[in-house]
Amino acid sequence: MRRKLILSIAAALCSSAATAQLTKVAVPGSVPPPAKVADLSWLAGEWTGEGFDSVLHENYSAPIGGQMPGHFYGAKDGKPDFYEFVMIAEVGNSIEYRVKHFNPDMTGWEEKAHFIRFPLVAVEEDAWYFDGLTIRRTGPDTADHVVRIKRKDGSEGEAVLKYWRAGSKK
């Protein structure tokens, strides 16, 4: 009986660990935590990664004037699949991650004056939780980005993108 109880508890723990959320969602009316773009200055430089069944490339410039611009592209079969222009920007006393998407022919996904906003929700040691996007520093030259995605069937999930600084070992 005791063994059965222990196995049941272990199964429940494994099940909840498997469904643990790696991203956080903003609570309406909540105030973003204090942060500065300089907190993410370690991202400056070139990164290579894997995710979305693609090879990923991401570059960030050093912070300037409360902003940190960057760009991203994913490639499948040696061809660009899509691009992103990224801006980490100070907003009030906090930061938000902004993205504008483009097809390989540079046609935009979002309307001309619009972009996707991910306001900061929480900060932990080496982890910045934006609304539906997490950036976690996993080592001096490695990081995970986890993005909340909506699938074609309407369900939601999370995609883990594994990055390493270009020129470093994977």
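The values are calculated or read from the model by the stated rules, or taken from the named source; none is laboratory data. As the structure is a computational prediction, the values presented were derived from the model and not from experiment. As a convention, Cβ positions derive from the backbone with ideal geometry for all residues, glycine included, and neighbour counts pool all protein chains shown. Protein only, heavy atoms only, side chains kept; ligands, DNA and RNA dropped before computing areas. Shrake-Rupley method; radii C 1.70, N 1.55, O 1.52, S 1.80 Å.
Here are some pairs, Lys76/Lys150; Lys79/Lys150; Lys100/Lys150; Lys36/Lys112; Lys24/Lys112; which of them have Cα atoms lying more than 22 Å apart in this structure?
Pairs exceeding 22 Å: Lys79/Lys150; Lys36/Lys112; Lys24/Lys112.
At Asn103 and Ala127, where each label point lies 7 Å from the Cα along Cα→Cβ, what is the point-to-point distance in nanometres?
The modelled label-to-label distance comes out at 3.8 nm.
7 Å from Cα along Cα→Cβ at both Arg151 and Trp42: what's the point-to-point distance in nm?
3.3 nm
Once mean projected area of the Cα convex hull in nm² is worked out from the coordinates, which option in (1) 10.5; (2) 11.4; (3) 13.8 does it equal?
Read-out taken from this structure: (3).
Probe of 1.4 angstrom, ligands and nucleic acids ignored: what's the accessible area per residue over the chain, in square angstrom?
Accessible area per residue: 61 Å².
List the residues whose amide H sits under 5 Å from the amide H of Ala122, counting only those 5 or more places along or on another chain, with H placed 1.01 Å from N in the peptide plane.
Amide H neighbours of Ala122, under 5 Å, 5+ apart: Tyr129.
Lys and Arg at +1, Asp and Glu at -1: add these up for the other residues within a Cβ distance under 13 Å of Val121 and post the number.
With Lys, Arg at +1 and Asp, Glu at -1, the neighbours total 0.
By how many degrees, 0 to 90 and rounded to 10, does the Cα axis of helix 2-18 deviate from the longest principal axis of the chain?
Approximately 10 degrees, to the nearest 10.
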